Amino acid sequence: MRFRPAGPSALLVEVDSLPRVRALHARIERERACGWAPGLVDVIAAARTVLLDGVTDQDALASEIRSWSVPPHPEASGQVVEIACRYDGPDLGEVARQWGVPPERVAAVHSGLAHEVAFCGFAPGFPYIAGLGGGREVSRRDRPRAAVPAGSVALGDEYTGIYPRTSPGGWQIIGHTDAVMWDPDRDPAALLRPGDQVRFVNVMP
Amino acid sequence: MTAGSDRVIRVRRAGALTTVQDCGRPGYAHLGVPRSGALDAPAHHLANRLVGNPPAAAVLETTLTGVAITAECDVIAAVTGAAAAVRIDGQAARFGAATELRRGQLLEVRSATSGVRNYLAFSGGMAVPRVLGSASADLLSGLGPARLADGDVLRLGPPDGTDGRDGCALGELPDIAVPARPVAASSSDGATGPVQLVIHLGPRFDWLLGPGLAGLEDGQWTVSPDSNRVALRLAGQPLRRRRGELASEGLVSGAIQALPDGHLVLFLADHPTTGGYPVIAVVDPACLPACAQARPGSKISFRIASGRN
């Protein structure tokens, strides 16, 4: 674990793998629920880091976190959410090529993997859903699309993402869902949150 | 009909970009929601205090060219932030002071002569629907109310209302004795030299080659015209940095990224919650209002904070 100051009042904690990020993040959230580090305003888990924003004493917080025993693999902590997906995306062929399977197998492979929301970012409610490790990582498109429709289910690196609203994007689109990823009038506004287990269910177009 | 429903103002000239802002949406970054909120927080708080609002009440934030509104009710108003002429029905009115607007009167904020953003507070505050607890327009993700357009009618809260009494970091309040003067931070004419920003170590300061962070102190940067509420984009002598890529990681306000072409991006309130370019330094929070008021074309220099960071 490495600790990097991010200005005077934030600390970036860097670890070696996404499972370690998820384990550390789970521990931080458990501690926060018990009143730990009350000055923290935002905790942002990402691919290899957890950012703690709102830190009064960086050294003290770092040595406290260093003293924790954090298991290398986190226990599943979040809710299980099913996402009904029509595997009809324009990049099915490209993903099939990268995976070395026929295009009609992409749906079965993708929906058969265990997925978990690692973090959110890019846009409100956009989940980075981990699950493509172990050789299923996907390269992005050479040229991003100017407009990826809302509800697109797309792959990039080791993640599946779902676009909450139409936005530019460079990920490979394999399907679409009618699930509302983000609704500010709903509580919680984001359908998927870090730690949630995601089951993609193949529904015919 | 509620008691406050006839308390409205009408937008006569929306200006280049005028939005409703309060203290933003802290605490939702893990869902990808930007912090947002007034860029010049002390000017926001001061405007509210002048009209008797809680400091966190929602105000109007202008950009370079001011705004003009008519009051459709009697209301107390105040203008703070960038240096700009204030007119009521064409007559010079005081900047940085509480002013009584009578129903039908026209309040104009002319183009800023230095600085970028003015803050207009009205007694009762802007009554717009809250999204995740905030009235702020977030221009990156589209949360909150739309930017103002000519002809818009905007509701105000009741003058004795409780809007905005909580949720704001009171630590950011200027000292009570701070005079209501225009910002001095900006120097668009260059007469007062570059705006100096105090910086701290960023998490990826070690991506800089050669003199490292000290190279930032030696250079001078120019604020690019494509700067906005998301970020100041700074052009200058390119810094040499390590090649390669970084997995996206969380960003704080004031984070300075070094782009592959050597330019700098300095993130303001509407910044994305994560980013993949290395953050080499972070602007001291006390300097963020100066960033908010730095005009395109103005010069920026950096000084590394003394002490550990």
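The values are calculated or read from the model by the stated rules, or taken from the named source; none is laboratory data. Keep in mind that what you see is a predicted model, and the values were worked out from it rather than measured. Neighbour counts are summed over all protein chains in view; Cβ atoms, including those assigned to glycine, are modelled from backbone coordinates with ideal geometry.
See the values below:
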item	result
Residue within region B:195-202 that is in contact (Cβ under 8 Å) with a residue 60 or more places away in the chain and over 25 Å from B:Ala38 (Cβ atoms) present	yes
Leading residue by the ranking (modelled with the lowest pLDDT) among those in region A:46-57 that are at the interface with chain B (Cβ under 8 Å from one of its Cβ atoms) and over 10 Å from A:Val13 (Cβ atoms)	A:Ala47
Given (1) of a type outside the set (Val, Ile, Thr); (2) within 21 Å of B:Val252 (Cβ to Cβ); (3) within 12 Å of chain B (Cβ to nearest Cβ), index of the condition A:Glu31 fails	(3)
Those residues of region A:30-69 which are in a helix (DSSP H, G or I) and crowded, with 17+ Cβ neighbours inside 10 Å, in sequence order	A:Gln58, A:Leu61, A:Ala62, A:Ile65
Qualifying positions in region A:1-24 - within 12 Å of chain B (Cβ to nearest Cβ) and over 19 Å from A:Asp57 (Cα atoms)	A:Val15, A:Asp16, A:Ser17, A:Leu18, A:Val21
Only one of B:Ala77, B:Ala43, B:Ala38, B:Ala47 that is crowded, with 24+ Cβ neighbours inside 10 Å and in a loop (DSSP other than H, G, I, E, B)	B:Ala38
Hits in region B:217-255 - residues which are within 14 Å of another protein chain (Cβ to nearest Cβ) and either under 27 Å from the mean Cα position of the chain (by Cα) or without any contact (Cβ under 8 Å) to a residue 40 or more places away in the chain (or both)	B:Val230, B:Gly244, B:Glu245, B:Ala247, B:Ser248, B:Glu249, B:Gly250, B:Leu251, B:Val252, B:Ser253, B:Gly254, B:Ala255
Residue count, region A:146-205 (criterion: away from chain B (no Cβ under 14 Å), under 15 Å from the mean Cα position of the chain (by Cα) and farther than 21 Å from A:Glu94 by Cβ)	3
Region B:259-288: number of residues that are out of contact with any Pro (no Cβ under 9 Å at 6 or more places or on another chain), within 13 Å of chain A (Cβ to nearest Cβ) and part of a loop (DSSP other than H, G, I, E, B)	1
Number of positions in region B:182-203 that are touching a Lys or Arg at 6+ places or on another chain (Cβ under 6 Å) and at pLDDT below 80	2
Residue tally, condition within 15 Å of the chain's Cα centre (by Cα) and either surrounded by fewer than 21 Cβ atoms within 10 Å (Cβ to Cβ) or without any contact (Cβ under 8 Å) to a residue 40 or more places away in the chain (or both), over region B:267-283	1
